[in-house]
Amino acid sequence: MHVEELLDSKLFQPNIQAHKKWEAITELSEFLLRENIIDSLDIFINDVRTREKQVSTGVGSGIAIPHAISKSVKKPAIVFGRSVLGIDYDSIDSQPVDLVFLFAIPDTYDNKDYLRTLASIARLLVHEGVREKLRKASSFKAVQDALR
């Protein structure tokens, strides 16, 4: 599955209000609940927390890619959120995060496909030009264009 297939304009939050990691993950997870992509906020966040204990998904350069394979997820999706002020995220480079891609993956999903999708977004976000376009994107279409 491609990143574009998992993104949806209803799952775009251009101004995350949270300033701390778990507040941001909760804020973005609430979009998944509202859009009926997950059936339990608590189960999903707990699964993200379990994954996060392995290693921080704050990968540096202002990017976080939290993710979980969870029985609470009905269909795969990505919530994209952006913070103007930055999020204290416990990133590997100790810098605040301003771009968050929260992956929600059903526990029935093909693991190889999930890892390929995760790797593809990570490869895109390595490019400073892509990150800058995402930081300046004023619409969901601009986000889609930046990721193409």
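The values are calculated or read from the model by the stated rules, or taken from the named source; none is laboratory data. As the structure is a prediction and not an experimental result, all values here were calculated from the model. We place every Cβ from the backbone using ideal geometry, glycine too, and count neighbours over all the protein chains shown.
Worth a mention:
- Qualifying residue in the stretch 76-83 (condition: of a type in the set (Lys, Arg) and touching a residue at least 12 places away in the same chain (Cβ under 8 Å)): yes
- For first residues located in the stretch 1-26 and farther than 22 Å from Pro106 by Cβ, partners that are among the acidic types (Asp, Glu) and modelled with pLDDT under 90 and lie 6+ apart or on another chain with Cβ distances below 8 Å do not occur.
- All positions within the stretch 7-42 that are farther than 17 Å from Val97 by Cβ and among the charged types (D, E, K, R): Asp8, Lys10, Glu30, Arg34, Glu35, Asp39, Asp42
- Of the strands (runs of 3 or more DSSP E) contained entirely in the stretch 46-118, those carrying at least 1 residues that are over 15 Å from the mean Cα position of the chain (by Cα), modelled with pLDDT under 95 and over 23 Å from Arg34 (Cβ atoms) fall at 77-87.
- Within the stretch 95-118, residues that are more than 21 Å from Lys71 (Cβ to Cβ) reach no partner that is surrounded by fewer than 18 Cβ atoms within 10 Å (Cβ to Cβ) and aromatic (Phe, Trp, Tyr) with beta carbons closer than 8 Å at six or more positions or on different chains.
- Those residues of the stretch 29-45 which are assigned to a helix (DSSP H, G or I), more than 21 Å from Thr57 (Cα to Cα) and not hydrophobic (A, V, I, L, M, F, W, C), in sequence order: Arg34
- Residue within the stretch 21-31 that is touching a Leu at 6+ places or on another chain (Cβ under 8 Å), at positive phi and crowded, with 17+ Cβ neighbours inside 10 Å present: no
- Against the test of being in a helix (DSSP H, G or I), over 15 Å from Ile16 (Cβ atoms), more than 13 Å from the chain's Cα centre (by Cα) and aliphatic (A, V, I, L, M), the options Ala142, Ala122 yield a single qualifying residue, Ala142.
- All of Ser61, Ser70, Ser40, Ser56 fail the test of being in contact (Cβ under 8 Å) with a residue 60 or more places away in the chain and farther than 17 Å from Lys10 by Cβ, apart from Ser61.
- Selection count, the stretch 18-45, where residues are within 15 Å of the chain's Cα centre (by Cα) and among the polar types (S, T, N, Q): 2
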